[in-house]
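Working notes for the structure below.
The values are calculated or read from the model by the stated rules, or taken from the named source; none is laboratory data. Bear in mind the structure is a predicted one, so any value in this text is a computation, not a measurement. Neighbour counts run over all protein chains shown; Cβ positions are idealised from the backbone, glycine included. The accessibility values were calculated without ligands, DNA or RNA, using every heavy atom of the protein model including side chains. Shrake-Rupley method; radii C 1.70, N 1.55, O 1.52, S 1.80 Å.
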Amino acid sequence: MKTITYVLLICLTPLWSWSQSPFLNLVVEETSIPEPQYTELSAELGGEAHTIRVYANIPENWEIQVMYGFSIAPLTVSAPEGFYHNNIGGPTSAEIVEAAYVINPLLQYDSWITIGWDNSIDNGLEQLPLDAPFLSAWEAGGDLVSNDFLGGSIFVITPPELFPPNTGDVNGNVLVGQFTSDGPINGCLNFQMRRLNSDGTVFDPAGSAASETVEFNNVCFDFSPPPIGGNCLGDLTGDNYVGTADLLILTSQVGCQSGCVADFTGDDKTTGSDVLVFLSAYGANCN
């Protein structure tokens with residue numbers, strides 16, 4: 001699968017302004033899933049697996065402190081076909097143990113939220129409330145929703161390094177979530193940012209220990225996977241060509257009995273009939 005970057009037009013509602021107001025956009029990148037993990041994930045999900053990473057794009061000398069949701073500013077991330085949750089993963093990156101990828105490679109594609117970190121190493125995340133029912137409900141199979149009166153959040157405690165992952169990278173991006181599903185994924189998130197000095201310390205020009213913060217509510221993203229098979233029958237990789245790479249996927253799918261990626265006949269199986277359909281399209285250029 002190819003890596004695709006989607007830059008989205010976002011509806012922003014800042015709750016604080018000044019003459020040079022900061023910005024916050026969301027950027028979605030689709031992560032390439034290699035074989036055999038792609039076929040295994042697709043089989044578990046019952047359709048073509050897609051993993052996306054969502055980034056908040058923020059200005060230099062700002063940090064994201066909190067991602068939150070409550071009654072008047074809900075946090076929601078939805079996948080109508082359901083999310084992939086690995087049995088040794090968790091709802092935030094603080095539960096993702098990178099060393100366990102060797103034991104369970106599909107853990108790399110678990111669905112979780114974060115503010116910067118993509119695994120548990122030196123992870124500075126905390127959550128409120130401590131039992132985080134909105135996260136437990138998501139991990140149990142529902143959508144990610146925090147919309148009650150008390151709300152829920154993840155936030156960054158004092159980080160171990162001077163320039164932690166909750167500040168922007170060279171492109172100004174801060175990772176805020178990874179989501180895997182076999183269908184569309186969309187959501188609206190809320191953030192609080194804090195202004196920093198150029199050396200990474202908290203901006204406090206008056207010396208009053210009162211930092212400058214800004215909130216953004218209803219910052220949304222929307223990912224829709226391309227049609228199965230790309231633009232023509234037999235194109236399983238989405239590269240607009242029916243070739244050897246597609247043949248390798250088809251070969252791995254022969255004998256599949258349900259939720260099959262290489263089902264060209266619509267019977268939810270991959271059999272000799274699908275092979276014949278594929279061979280008739282082999283070599284086609286779909287552009």
Scattering from the C-alpha atoms of region 136-211 alone, worked out with Debye: what is log10 I(q)/I(0) at q = 0.17, 0.26 1/Å? -0.92, -1.39
Charged-residue dipole, Cβ positions (Lys, Arg, Asp, Glu), the chain about Cα centre, Debye nearest 20: 440 debye
If exposed GluC sites (Glu not before Pro) are those in a DSSP loop with at most 12 other Cβ within 10 Å, what is the longest stretch of the chain that has none? 162-287
Residue separation between A140 and S258 times 0.36 nm, minus their alpha-carbon distance, gives in nm 40.2 nm
Which ³J(HN,Hα) values, rounded to whole Hz and listed in residue order, are derived for region 50-63 from phi using the Karplus coefficients 6.51, -1.76 and 1.60 in 6.51 cos²θ - 1.76 cosθ + 1.60 with θ = phi - 60°, glycine and proline given as x? 9, 10, 10, 10, 10, 10, 8, 9, 10, x, 5, 6, 9, 9
In cubic angstrom per residue, the convex hull of the chain built on its Cα atoms measures 144 Å³
Over all Cα pairs of region 15-152, how is the pair count split among 5 Å bins, expressed in % and running from 0 up to the last occupied bin? 2, 9, 16, 21, 21, 15, 10, 5, 2, 1, 0
Surface share of carbon and sulfur [accessible, 1.4 angstrom probe, percent] for region 151-210: 54 percent
Net dipole in debye of region 55-151 [+1 Lys, Arg Cβ; -1 Asp, Glu Cβ; about Cα centre; nearest 20]: 140 debye
Decide, for region 31-72, between rounded, prolate and oblate: order the square roots of the alpha carbon gyration tensor eigenvalues as a ≥ b ≥ c, take rounded if a/c falls under 1.5, and otherwise choose prolate if a/b is larger than b/c, else oblate. oblate
Normalised Cα Rg of region 55-105, dividing by 2.2 N^0.38 Å with N its residue count, works out at 1.57
Mean Cβ neighbour count within 10 Å, used as a protection proxy, ranking 71-78, 178-185 highest first: 178-185, 71-78
Under 5 Å, built H, 5+ apart or other chain: amide partners of T31: T51, I52, R53
Net +/- balance of residues flanking C286 in space, Cβ distance below 13 Å, scoring K and R +1, D and E -1: -3
